[in-house]
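The structure under discussion appears below in the form of structure tokens.
The values are calculated or read from the model by the stated rules, or taken from the named source; none is laboratory data. The structure displayed is predicted, hence computed values, not measured ones. Reconstructed Cβ throughout: ideal geometry from the backbone, glycine too, with neighbour counts over all protein chains shown. Heads up: the accessible areas ignore ligands, DNA and RNA and are worked out on the full protein's heavy atoms, side chains in. Shrake-Rupley method; radii C 1.70, N 1.55, O 1.52, S 1.80 Å.
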Amino acid sequence: MATMTFEDKEEEEEEAGEDHHGPSHHPPAPPDELFDIATSVDPSYIISLIRKLLPNVKNDHNFCGADGDSAPNEGSKIDLMGESASSSPKDRVRGSPDHNSEAMDVVNGFEKSSYQDGDDENLCRKVEQPGVSAGEEVWEEYGCVLWDLAASRNHAELMVENLVLEVLLANLMIPQTVRVAEIILGIIGNLACHEVLMQRIVSTQGLNEIIVDQLFLDDTQCLIEACRLLTLCLQGSECIIWAEKLQSEHILQRVLWIAENTLNPQLIEKNVGLLLAILESRPEVARALHPPLMKLGLPSVLIDLLAFEMNKLLHERIPERYPALEVILRSIEALSVLDSYSQEITLNKKLLQLVCDLIKFPDKVEVANSCVTAVVVLANILSDIDDLASEISQDLPFIQGLLEMIPFASDDLEARSALWSIVARILVKVQEDEMRQSSLHQYVSVLVSSSDMIEDDLLDHQLDETSHRIPCGFKRSARVTAIIRIINIINKWTTSKDCVEANNSMEDHLADDTNVGRLLDCCHKYIESVGRSYSGD
């Protein structure tokens with residue numbers, strides 16, 4: 001009996017599939033009892049998709065079944081993948097820091113497939129793309145389906161059990177188009193979202209190193225997926241292993257270089273997200289990665305990025321850039337609380353100015369989360385350098401902007417505490433007894449213009465101070481200190497009111513007496529209720 005070749009077996013499978021009216025390119029489904037993992041998609045279909053990605057398998061059968069569109073059958077996938085290893089100039093970025101500075105641009109490519117119920121119709125589309133062979137196009141389509149399926153834990157587990165990691169690794173080890181590399185990183189990134197699979201990723205020999213190597217690709221979309229994947233890895237249970245792979249200075253330098261040299265907002269977001277994961281990592285990871293990053297100038301990189309995004313915000317207001325602004329500020333916040341490195345942040349005058357400018361930004365609704373983070377960063381700065389409060393206390397537009405932040409910080413305990421600590425530090429520096437009447441008038445006007453927000457916050461969170469008895473001698477909260485200072489400033493204004501009203505030009509801008517009285521009454525009631533808690537009455 002003649003030995004059956006691999007091609008004979010595939011032809012036999014095709015005939016069997018046609019007899020059962022199934023897609024001709026799918027292998028027959030094995031018995032259900034062979035699969036211990038429950039999925040909403042036929043397991044045999046997922047396995048067939050993985051087989052389609054094998055780099056050494058000839059594709060001499062129909063990819064599109066009855067429709068008659070078939071992939072080229074002359075040559076292996078390796079040959080097809082190797083044909084288009086390069087992309088057009090606009091799809092690439094600089095390969096090394098030695099090249100001239102250029103903006104990273106988004107690579108043109110497919111959108112991820114929207115896969116439903118195992119339908120192959122979308123997989124057989126022939127999108128005309130110059131320089132992309134039919135075999136590459138089909139590989140990309142099937143890869144995108146697996147990318148989508150990997151988001152489900154059950155599907156992801158089935159894929160890993162059927163050697164998808166080994167198949168993807170084999171593809172990464174041969175020349176590929178940047179789109180193929182992006183899809184591979186995207187699939188592994190979705191697999192890494194499931195903690196139970198993290199150990200399998202780490203234990204796949206050679207995969208860790210080759211994933212890190214993808215940081216040296218010159219394609220924006222590939223770098224986005226590489227940074228996303230490494231961020232997930234550093235947040236998982238195997239983070240120490242990944243820290244060891246990343247701790248080489250030339251790798252960390254590449255990460256910072258990408259941050260400094262891209263204009264693409266999504267890549268900035270993912271790249272700085274990777275840095276944030278490092279800053280917020282476990283102590284073992286911090287010991288390995290923080291010192292070299294600081295040596296390479298991480299604080300300066302983050303502050304320069306913030307300056308760039310603030311310039312974009314103030315002059316262009318591009319919503320697509322807002323997530324990048326937020327993650328940059330979160331990274332600066334994380335750095336500002338690291339005992340060994342906080343002064344790199346708190347002593348930086350440029351950062352102080354940028355944070356204050358953001359707090360003064362008029363349209364806070366657009367970047368509310370970033371503004372809240374800016375408040376926390378500023379609170380950390382002032383806790384280290386108290387003298388700065390005197391400077392800021394003269395900046396009335398800043399105080400106005402800070403009080404406008406009250407509603408946005410209302411549901412965030414840390415942000416509320418930070419905001420009121422700043423208000424308290426600033427108002428403590430105000431010497432109302434020595435102020436000119438015009439300056440005092442301006443302060444009262446700013447406070448009264450925010451009276452509704454102050455009143456709402458005090459009413460909404462009064463239980464925070466009164467729900468439990470506070471022992472005598474216990475340090476009062478920054479909010480209480482701030483409210484007492486508001487009362488003192490308004491009282492000083494009230495006692496000198498006759499002098500103010502005698503000046504007609506000032507009377508035109510005088511805060512409404514009703515609002516002044518209402519704010520003062522609200523503050524008094526709050527202090528009285530809190531005072532009972534502090535006194536234990």
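On the accessible surface of the stretch 226-308, probed at 1.4 Å, how many percent belong to carbon and sulfur atoms?
Values: 1420 of 2900 Å².
C and S atoms contribute 49 percent here.
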Starting from the residue with the highest accessible area, list E140, E157 in decreasing order, probe 1.4 Å. E157, E140
Gain in length, D411 to D304, computed as 0.36 nm per residue apart minus the alpha-carbon separation, to one decimal in nm? 35.5 nm
Report the residues of the stretch 186-203 in range of a label on S237: point 7 Å along Cα→C-beta, backbone N strictly under 17 Å from it. 191-203
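Quote to one decimal, in nm, the extra length available between L338 and K295 on full extension: 0.36 nm per residue of separation minus the C-alpha distance between them.
Details: separation 43, 0.36 × 43 = 15.48 nm, distance 1.50 nm.
Computed gain between L338 and K295 is 14.0 nm.
Sort K492, K525, K295 by heavy-atom solvent-accessible area, probe 1.4 angstrom, most to least.
Working: K492 65, K525 120, K295 155 Å².
Sorted descending by solvent-accessible area, the residues read K295, K525, K492.
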Cα-Cα over 25 Å: which of K350/K492; K349/K492; K350/K429; K312/K429; K52/K245; K364/K492? K350/K492; K349/K492; K312/K429; K52/K245; K364/K492
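Using a ≥ b ≥ c from the Cα gyration tensor of the stretch 131-222 (square roots of the eigenvalues), is it rounded, prolate or oblate, where a/c under 1.5 gives rounded and otherwise the larger of a/b and b/c decides, a/b for prolate?
Working: a/c = 1.83, a/b = 1.30, b/c = 1.41.
Judged from the Cα gyration tensor, the stretch 131-222 comes out oblate (a/c at least 1.5, b/c at or above a/b).
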Under a point spin-label approximation (7 Å from Cα along Cα-to-Cβ), what is the L396-N311 distance to one decimal in nm? 3.2 nm
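Ignoring any ligand, DNA or RNA, what whole percent of the accessible area of the stretch 335-430 comes from carbon and sulfur when the probe is 1.4 angstrom? Walk me through the intermediate numbers first.
On the way: 1860 of 3880 Å².
Within the stretch 335-430, the accessible surface is 48 percent carbon and sulfur.
Given axes a ≥ b ≥ c from the Cα gyration tensor, I'd like to know whether the stretch 248-384 is rounded (a/c under 1.5), prolate (a/b larger than b/c) or oblate.
Working: a/c = 1.96, a/b = 1.31, b/c = 1.50.
Here the stretch 248-384 falls in the oblate category.
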From the phi of every residue in the stretch 386-396, what ³J(HN,Hα) in whole Hz does the Karplus formula 6.51 cos²θ - 1.76 cosθ + 1.60 yield, where θ is phi - 60° and glycine or proline is x? 5, 4, 5, 4, 5, 4, 5, 4, 8, 9, 5
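Nothing charged except the Cβ atoms of Lys and Arg (+1) and of Asp and Glu (-1): what's the magnitude of the dipole of the stretch 232-328 about its Cα centre? Round to the nearest 20 debye. Each step should come with its number before you reach the end.
Numbers: 9 positive and 12 negative charges, 17 e Å.
The calculation lands at about 80 debye.
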Cα gyration tensor shape of the stretch 187-334, rounded if a/c is under 1.5, else prolate or oblate by comparing a/b with b/c: prolate
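Say R0 is 41 Å: what FRET efficiency, to the nearest 0.05, do V196 and L347 get from their beta-carbon distance? Please report the intermediate quantities before stating the final value.
Numbers: r = 44 Å, r/R0 = 1.08.
After rounding, the FRET efficiency stands at 0.40.
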E391 - accessible surface, heavy atoms, 1.4 Å probe, Å² rounded to 10: 110 Å²
Calc'd 3J(HN,Hα), the stretch 434-444, phi into Karplus 6.51 cos²θ - 1.76 cosθ + 1.60 (θ = phi - 60°), Hz, glycine/Pro = x, comes to 9, 7, 5, 4, 5, 5, 5, 4, 5, 5, 5
For the stretch 242-314: relative contact order, % (alpha-carbon pairs under 8 angstrom, 6 or more apart): 40 percent
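If each residue of separation counts as 0.36 nm, what is the full-extension length gain between E161 and L263 once their alpha-carbon separation is subtracted? Can you show the working numbers first?
Values: separation 102, 0.36 × 102 = 36.72 nm, distance 3.94 nm.
Contour length minus Cα-Cα distance gives 32.8 nm.
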In whole Hz, the Karplus estimates of ³J(HN,Hα) for the stretch 345-352 (6.51, -1.76, 1.60; θ = phi - 60°; x where Gly or Pro) are 9, 5, 8, 8, 5, 4, 5, 4
Run the simple label-point estimate for I487 and R518 please: 7 Å along Cα→C-beta, distance reported in nm. 2.1 nm
